[in-house]
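K.L.:
Mind having a look at this structure? Questions to follow.
The values are calculated or read from the model by the stated rules, or taken from the named source; none is laboratory data. Computed from a prediction, not measured in an experiment: that's the story for all the values here. Note that we place each Cβ from the backbone using ideal geometry, even for glycine, and neighbour counts take in every protein chain shown.
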Amino acid sequence: MSTPICERMERWLDDGRPRDGASTADARELEAHAATCPRCGPALAAAVALDSALRAPPGVRAPAGLAADVMARIAAEAPTASGAGATTEAPPRTPWWTLVLSEPWTLAGASGVVAIVSGRDRLVALARTLTASFPEPAGWTPPPWLDQALALAPHAQTAVALGAAAAAGAFGWLLFRFSEALFVRAAR
């Protein structure tokens, strides 16, 4: 059963059993209560035991020479010139082909090759559609050599479209790297 004095006792224990000036009389009253209360007596005994255990010097000391023995064992298990023991070699580097495959341009180039090989006619039609969809600037007429070159090479439009796409992609990549370098420099 909890009484008001038991609650005071609990707060006093939670506060670390202070014994400063005005609370000395209060501490004596609470200790007298703990001597007769079946709930507060064990709580006070546990708090006193914990305090004395924390104030006591450590009962176990490390044996002399323990650090030297541990270091000797570590040295004994270190790798030797013959290769025995644990290895300290650096982890293997990433193979070159995984780096190449992780570049976006590899995928773009492979996709272009597959598109050209598998459906050249469809790719030519797509390039003509794309180039026809761009309006010509007002007052601009293509030079005669461009028309002649396009007439001589029926797939020139495809090459121009793929070249323009590659140039735009390369410019985007360079712009990305440039802005990344600026950001890293600004972060320092």
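K.L.:
Of all the residues that make up region 35-48, how many are more than 52 Å from the chain's Cα centre (by Cα) and of a type in the set (Val, Ile, Thr)?
P.N.:
Matching residues across region 35-48 total 1.
K.L.:
Now a separate question. Which one is nearest to the chain's Cα centre (by Cα), of the residues in region 49-69 that are of a type in the set (A, V, I, L, M, F, W, C) and assigned to a helix (DSSP H, G or I)?
P.N.:
Among those that are of a type in the set (A, V, I, L, M, F, W, C) and assigned to a helix (DSSP H, G or I), it is 67.
K.L.:
Which residue, of 85, 65, 41, is touching an Asp or Glu at 6+ places or on another chain (Cβ under 7 Å) and either surrounded by 11 or more Cβ atoms within 10 Å (Cβ to Cβ) or modelled with pLDDT of 85 or more (or both)?
P.N.:
85
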